[in-house]
Amino acid sequence: MLKAIIGKKIGMTQLFNEDGAIIPVTVLKAGPCTVVTKKTLENDGYGAVQLGFGEIEPYKVKKPLMGHFKKNNVNPIRILKEFRCSEAGSVNIGDSVNVSMFNGVKYVCVTGITKGKGFQGVVKRWGFSGGRDTHGSMFHRAPGSIGQSSFPSKVFRGLKMPGHLGNKSRTASNLKIIRIDSEQDLLFVKGAIPGANGNIVYIYGANEFGRKKI
Amino acid sequence: MSIVEKIENSSLKTGIPDFKAGDTVRVHQKIKEGDKERIQIFEGVVIAKKGSAARSSITVRKLSYGIGVEKTFLVNSPLIDKIKLMYRGKVNRAKLYYLREKKGKETKIERLETYNNSEV
């Protein structure tokens, strides 16, 4: 069965469990998604389901994409994402899938785009300690030595240097499902997920190792 | 109202009296011992109110056999059975942390109103 859905990060809050302890939760609007198209082992060499999420005015859709929707006889949708699914035959094009697919699932993984931090130095980007601020240290937040002169006489590839931080796709694995609200299509997972509120995220069921199960 | 606010408001407790720092309250707390549950009562002066709505907490201080005891309660926790207002107190601060340093008569707070506190 398909265990993946497109969602939107609503925000974080906290809930009480039955022991009176506070659990930090992220609230996700998960689905409902429409099956736009599917790929099968026989036709395409792999099984997958393309889901669509969110509304869009038809005039905003480019013509080639509109043709894709028309061919499959579905309404125009804002976000499209293909999920691998070996049993793609079990769903039909045009079907609506919602958060109740996670009923009985204990853990999920959530993939999102992290907040962009811009160009950052090594202290923020890589956790370098930096130097002492006072007593004439003359070494504050600089990266320090990046190599030696005669040997190796080059800067190694992949050395931790200043650069762009954030705005990357990252997956938070093994998040416990706290509550599923099928009526409002809300999914409550324990802990934080990448990205800002309102970002589009992809939610996957987790396997026994807490990793994405596709 | 945003979705998160709605979720938070749905966990709000009803019937919590409106009290301030300096008031004396009686907190009925559920204590789980194995599969048994009982109510423990903690009565003292509210020395601090923190947070808002679903996250609000109170710190209650009392003297137990001459030793100061403080307990912090999450007002909307399911473990709080009820909170009863006993007396209103007259104080000039929102946080009464100074009571920790005081002894004897100096810890006394002038009582303004007394509420029906005949039942335990």
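Laboratory data are not the source of any read-out in this text; all were calculated from the coordinates shown. Predicted model, so just to flag it, every value in this text is computed and none were measured. Because the Cβ atoms are built from the backbone with ideal geometry, glycine has one as well, and the counts that use them run over all protein chains shown.
Observations
- Cβ-Cβ FRET estimate between B:R111 and B:L12, R0 fixed at 25 Å, reported to 0.05: 0.30
- Inter-site label distance for A:A192 and A:S86 at 7 Å from Cα along Cβ, in nm: 3.6
- Ordering A:T37, A:G121, B:S11 by the projection of their Cα atoms onto the charge dipole of the protein assembly as shown, which places +1 on the Cβ of Lys and Arg and -1 on the Cβ of Asp and Glu, puts A:G121 at the extreme positive end.
- Charged side chains reduced to their Cβ positions (Lys and Arg at +1, Asp and Glu at -1) give the protein assembly as shown a dipole of some 1340 debye around its Cα centre.
- For chain B, alpha-carbon Rg over 2.2 N^0.38 Å: 1.14
- Principal axis box of chain A, alpha-carbon based, largest edge first, Å: 69, 51, 37
- By definition, a body whose alpha carbon gyration tensor gives a ≥ b ≥ c is prolate when a/c is 1.5 or more and a/b is larger than b/c, and the stretch A:39-132 fits this prolate description.
- Local charge for A:G191 was computed over the other residues whose Cβ lies under 13 Å away, with Lys and Arg +1 and Asp and Glu -1, and equals +3.
- The stretch B:55-120: GluC sites (Glu not before Pro) in DSSP coil with no more than 15 other Cβ atoms inside 10 Å: B:E101, B:E119
- A run of chain A free of exposed loop cleavage sites, with GluC sites (Glu not before Pro) counted only in DSSP states other than H, G, I, E and B and at most 11 other beta carbons within 10 Å, reaches its longest extent at A:88-182.
- Rounded to the nearest 10 degrees, the inclination of helix A:63-72 to the longest alpha-carbon principal axis of chain A is 50 degrees.
- Shown here are the Rg and Dmax of the Cα trace of the stretch A:131-214, at 21.9, 68 Å.
- Look at the Cα gyration tensor of the stretch A:121-165: its axes a ≥ b ≥ c give a/c of at least 1.5 with a/b at or below b/c, and that counts as oblate.
- Estimated from the Cβ-Cβ distance and a Förster radius of 41 angstrom, the FRET efficiency linking A:R78 and A:W126 is about 0.70.
- The charge dipole of the stretch A:162-214, taken about its Cα centre with unit charges on the Cβ atoms of Lys, Arg (+1), Asp and Glu (-1) only, comes to about 320 debye.
- Put a dot 7 Å past the Cα of B:E101, heading toward its Cβ, do the same for A:V155, and the two dots end up 5.5 nm apart.
- When B:T24, A:T134 are sorted by how many other C-beta atoms sit within 10 angstrom of their C-beta, beginning with the fewest, the order is A:T134, B:T24.
- At most 12 other Cβ within 10 Å, DSSP loop - chymotrypsin sites (Phe, Trp or Tyr not before Pro), the stretch A:123-214: A:F139, A:F156, A:F209
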